[in-house]
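Encoded as structure tokens, the structure appears first; notes follow it.
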Amino acid sequence: MKNHEIDFSAVRGRIKELLYAYVKVQSFTNTGGERDTEAFFKEQFRRVPYFRDNPQYWGLYPLADDELGRNVCWAMVRGRGDRAVVLVHHYDVVDVEDYKLLKPLAFSPDELAEALTEHKDLLNEDARRDLEEDTFLFCRGGCDMKAGGSIQYALLQAYSELKDFTGNVIVIGVPDEENLSAGMRAAVKLLAELKREYGFSYQMMINSEPHQRKDFSVGIFSEGTVGKMMPFIYVRGFLSHAGKVFEGLNPSSVLSEIAVRTEISMDFADVVGKEAAPPPTWLYQKDSKNRYDVSMPLSAQGCFSVLTLKQTPAELLSKVKKVCEEAFDAVIQRMNHNYSLFCQATGQPVKLLPWKVKTASFKELYDEAQACAGEIFEKDYRAEEQTVLKELESGKINMMEANFRLVEKIYDYIEDLDPRVVYGLLPPYYPNISNIYFKGITDAAAGLCEKLQAFTVSTYNQRYDREYFYTGICDLSYINIDDPKTQRDSVSGAMPLFGTYYDIPFEEIQEISMAGLNVGPWGKDFHKLTERVCKEDLYERTPKILDAAIRELLEG
């Protein structure tokens, strides 16, 4: 292990220097500010002799067709052998609106701490104690997650100074994690290219997202991450005047019934061992009317977020179809019941309304329009698709509006105008992954978590529990896959924007497939005014734990 011994007192100083410069970069998600990180990255690595002498081992990797021109920042230290460990972090941050008058100080930890000391009324009891005891560093992006990135960069620089290094370490900084993970999806292609060029055997990807603690004395290692899918629902109703309610079908009633049956429903929440995904919640609901009149809306639409531990897209969409059918049936039964009461009250003969339960997946609706109009439909749909993409890029519409515009375009060519529910998926799609599922795990990676747990107890007398899934959603979702064709087919058939606005490199994910682990510092209040990271974890524990993990994977 002598070839892997580094000076941690020097690493500590580097972490602080890097972090203070890193957080100064106001790299807000999905803005040009993310590009400013690239200048920081180049300035830091040009100072390091190893990277000055080996420019082929670091650089910027472009995100394809990115309207902001963003890049993945990457650097690696090459040593003996083909084993490689990948360290990843994201450098985009959320906005600072909640800082109010303290916004100018949000990216200056020391100045912010002084200001917060004078405004303790803004802080809850826990945050006030952490500030007074000076045990946590406060600033936007310091916790989530430039602390982890600074640790990774500092360790990489330390490895670059070693004369005889075993293995290879790659550090990747990615943009856009807080939005659609475009950075990580590009990084997958970079890693595939590096593997082909250098013959790497990827042992593990280690993310350094901050972890939260239920017990302050117990840390957490995560051997995977939750997945995320966003089912969309489009309900086509049947128009009628508000004074003739039984002559039409209000799509808002069907959408509402679907929402009631899915909102925080544990039927959609995966459970694996003692871990459970939080149940779903709705993020968007509206009808198609853009002005007042006395007619029912023709359609209503919405989407909800589902976190997963084991569900595939096909399994989730099967559940969505079932709940749509049940909700639609419940609305029809309720309408028939009330119509019978209305008929009795007005002396009319009682009869059933004409509505029947009808659902269609996005692909089924698309195929129906294609069967009706063939090439004429295809040409018109592709033209609308290009128009929608341009409006998306210019910010005139959002992703959800773009999605439903395409569904509406299909309806221009649908001959069956009976009420029905259409369902599918919106971007992004984060696959759930965990080492307990991954069949290709290497021997070095298989028992790593237990070895790190023993290391933290012996070194710090501190326990770290293991969880199978990081619950905050992270870029580890894109590190391994078993069946890329099945995944691509199930997503592309359900997602109108797939392949144009949004794509996932399933084939390259299979090519680089490796185990995953999250080892990050203890943090609190992500995305809030009181976002902060534990200084002892930042400067002392996490760097040594990461180093122990890397040594075990490369040499163990």
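Among the candidates VAL350, VAL331, VAL357, single out the residue that is in contact with a Ser or Thr (Cβ under 6 Å, 6 or more places away or on another chain) and open to solvent by 50 Å² or more (accessible area, probe 1.4 Å).
On inspection, the qualifying residue turns out to be VAL350.
Do you know which residues across segment 261-319 are among the polar types (S, T, N, Q) and surrounded by fewer than 16 Cβ atoms within 10 Å (Cβ to Cβ)?
Answer for segment 261-319, where residues must be among the polar types (S, T, N, Q) and surrounded by fewer than 16 Cβ atoms within 10 Å (Cβ to Cβ): THR281, ASN290, SER295, SER318.
Kindly indicate whether TYR381 is open to solvent by 10 Å² or more (accessible area, probe 1.4 Å), of a type in the set (Phe, Trp, Tyr) and either free of Cβ contacts under 8 Å to residues at least 40 places away in the same chain or out of contact with any His (no Cβ under 9 Å at 6 or more places or on another chain) (or both).
no
Which of (1) of a type outside the set (S, T, N, Q); (2) at pLDDT 95 or above; (3) farther than 24 Å from VAL491 by Cα; (4) outside any helix (DSSP H, G or I) is the odd one out, the single condition LYS289 does not satisfy?
With (1) of a type outside the set (S, T, N, Q); (2) at pLDDT 95 or above; (3) farther than 24 Å from VAL491 by Cα; (4) outside any helix (DSSP H, G or I) applied to LYS289, the lone miss is (2).
Taking segment 508-556, which residues are more than 16 Å from GLY472 (Cβ to Cβ), among the acidic types (Asp, Glu) and open to solvent by less than 40 Å² (accessible area, probe 1.4 Å)?
Listed by number, the residues that qualify are ASP537, ASP547.
Which numbered condition trips up VAL72, out of (1) open to solvent by 80 Å² or more (accessible area, probe 1.4 Å); (2) touching a residue at least 40 places away in the same chain (Cβ under 8 Å)?
With respect to (1) open to solvent by 80 Å² or more (accessible area, probe 1.4 Å); (2) touching a residue at least 40 places away in the same chain (Cβ under 8 Å), VAL72 is out only on (1).
Somewhere in segment 3-23, is a residue more than 18 Å from LYS535 (Cβ to Cβ), open to solvent by 10 Å² or more (accessible area, probe 1.4 Å) and basic (Lys, Arg)?
no
For segment 195-204, how many residues are open to solvent by less than 10 Å² (accessible area, probe 1.4 Å) and part of a helix (DSSP H, G or I)?
0
Quick check on segment 24-32. Is at least one of its residues more than 19 Å from LYS146 (Cα to Cα) and in contact (Cβ under 8 Å) with a residue 60 or more places away in the chain?
No; the residues of segment 24-32 include none that is more than 19 Å from LYS146 (Cα to Cα) and in contact (Cβ under 8 Å) with a residue 60 or more places away in the chain.
For CYS474, work out the one condition from (1) modelled with pLDDT under 95; (2) among the hydrophobic types (A, V, I, L, M, F, W, C); (3) farther than 24 Å from PHE136 by Cα; (4) open to solvent by less than 10 Å² (accessible area, probe 1.4 Å) it doesn't fulfil.
(3)
Which ones in segment 209-231 are open to solvent by 10 Å² or more (accessible area, probe 1.4 Å), of a type outside the set (A, V, I, L, M, F, W, C) and either touching a residue at least 60 places away in the same chain (Cβ under 8 Å) or touching an Asp or Glu at 6+ places or on another chain (Cβ under 8 Å) (or both)?
GLN212, ARG213, SER217, GLU223, LYS228
What number of residues within segment 403-420 are within 29 Å of ASP483 (Cβ to Cβ), within 28 Å of the chain's Cα centre (by Cα) and of a type in the set (A, V, I, L, M, F, W, C)?
Result for segment 403-420: 2.
Kindly indicate which of CYS143, CYS139 is touching a residue at least 60 places away in the same chain (Cβ under 8 Å), touching a helix residue (DSSP H, G or I) at 6+ places or on another chain (Cβ under 6 Å) and surrounded by 14 or more Cβ atoms within 10 Å (Cβ to Cβ).
After applying the criteria, what remains is CYS139.
Does segment 243-280 hold any residues that are part of a strand (DSSP E or B), over 30 Å from PRO354 (Cα atoms) and either of a type in the set (A, V, I, L, M) or in contact with a helix residue (DSSP H, G or I) (Cβ under 9 Å, 6 or more places away or on another chain) (or both), and which are they?
VAL271, VAL272, ALA276, listed by residue number.
List the strands (runs of 3 or more DSSP E) inside segment 63-182, counting only whole elements, that have at least 3 residues being of a type in the set (A, V, I, L, M) and closer than 30 Å to GLY227 by Cα.
It comes to 71-78, 80-90, 166-174.
The values are calculated or read from the model by the stated rules, or taken from the named source; none is laboratory data. As the structure is a prediction and not an experimental result, all values here were calculated from the model. Ideal geometry is used to build each Cβ from the backbone, glycine not excepted, and the neighbour counts take in all protein chains shown. Only protein heavy atoms, including side chains, enter the accessible area calculation; ligands, DNA and RNA are left aside. Shrake-Rupley method; radii C 1.70, N 1.55, O 1.52, S 1.80 Å.
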